[in-house]
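The values are calculated or read from the model by the stated rules, or taken from the named source; none is laboratory data. If you're wondering where the values come from, they're calculated on a predicted model, not measured in any experiment. No Cβ is skipped: glycine too gets one built from the backbone with ideal geometry, and neighbour counts run over all protein chains shown.
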Amino acid sequence: GEDVEQSLFLSVREGDSSVINCTYTDSSSTYLYWYKQEPGAGLQLLTYIFSNMDMKQDQRLTVLLNKKDKHLSLRIADTQTGDSAIYFCAAWKIKAAGNKLTFGGGTRVLVKP
Amino acid sequence: TAGITQAPTSQILAAGRSMTLRCTQDMRHNAMYWYRQDLGLGLRLIHYSNTAGTTGKGEVPDGYSVSRANTDDFPLTLASAVPSQTSVYFCASSETGWTAGANVLTFGAGSRLTVL
């Protein structure tokens, strides 16, 4: 089955760039996602990338996908205190038995002033 | 504001009791999901429904049941709660669960359940 792994914690200073990493095991995953969870709230989609792309940029967010290594990263430029949250990586796979979305364990990002 | 409403927000339940977590969406999404979130384990799928009238088992379905009588509602029932079911439960929906395109989920705010 699909495994999606992330580091548990990242600390970054306000104004610096944050890089959150994710690895997945199933190379047939078609879409890869980043969700953000703020305290006491549900997950909100930040961005996603199709598996035939290497990079996607959306304002302060840059997603890099290395399909060969099955590695996904999210870079947040000019990190702000409002970026403190848990970030989840997820992989979507199309299967005859039923499509499946697998989440990683989440990376808690703490932005220090 | 369109989205997903979950109730209750928080609940303490004695072991052995039954409980239903409610979930309602107003986006006319076909697919709905129940996840549980546990520290370090991320989100694990309990049950899902790709369309009204159908349901399916996720990764961790034991001890839980769901129904999908209509498009908007997807309640999750714990028939006889056990302490290992202490968790935060999230309901989510998406336009369709069968898409070959990006399947973007919208999440509710969660229900925190403590089983003593």
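Being more than 8 Å from chain B (Cβ to nearest Cβ), assigned to a loop (DSSP other than H, G, I, E, B), in contact with a strand residue (DSSP E or B) (Cβ under 6 Å, 6 or more places away or on another chain) and over 21 Å from B:N50 (Cα atoms) is a property that holds for A:T79. Looking across segment A:90-101 at every residue that is assigned to a strand (DSSP E or B) and in contact with a Ser or Thr (Cβ under 8 Å, 6 or more places away or on another chain), the one that is modelled with the highest pLDDT is identified as A:A90.
Which condition does B:Q11 not pass, out of (1) modelled with pLDDT under 95; (2) part of a strand (DSSP E or B), if it passes all the others? The single condition B:Q11 does not satisfy is (1). Whether any residue in segment A:51-70 is crowded, with 21+ Cβ neighbours inside 10 Å, away from chain B (no Cβ under 11 Å), closer than 30 Å to B:K57 by Cα and in contact with a Leu (Cβ under 7 Å, 6 or more places away or on another chain) is what I want to check. Scanning segment A:51-70 turns up no residue that is crowded, with 21+ Cβ neighbours inside 10 Å, away from chain B (no Cβ under 11 Å), closer than 30 Å to B:K57 by Cα and in contact with a Leu (Cβ under 7 Å, 6 or more places away or on another chain). Taking segment B:43-87 only, how many residues are away from chain A (no Cβ under 14 Å), of a type in the set (D, E, K, R) and in a strand (DSSP E or B)? Within segment B:43-87, residues that are away from chain A (no Cβ under 14 Å), of a type in the set (D, E, K, R) and in a strand (DSSP E or B) number 1.
Return the residues of segment B:72-87 that are touching an Asp or Glu at 6+ places or on another chain (Cβ under 8 Å) and not acidic (D, E); say none if nothing qualifies. Across segment B:72-87, the qualifying residue is only B:S87. Restricting segment B:88-114 to residues that are in contact with a Gly (Cβ under 9 Å, 6 or more places away or on another chain) and of a type in the set (S, T, N, Q) leaves a set whose member that is nearest to the other protein chains (Cβ to nearest Cβ) is B:N103.
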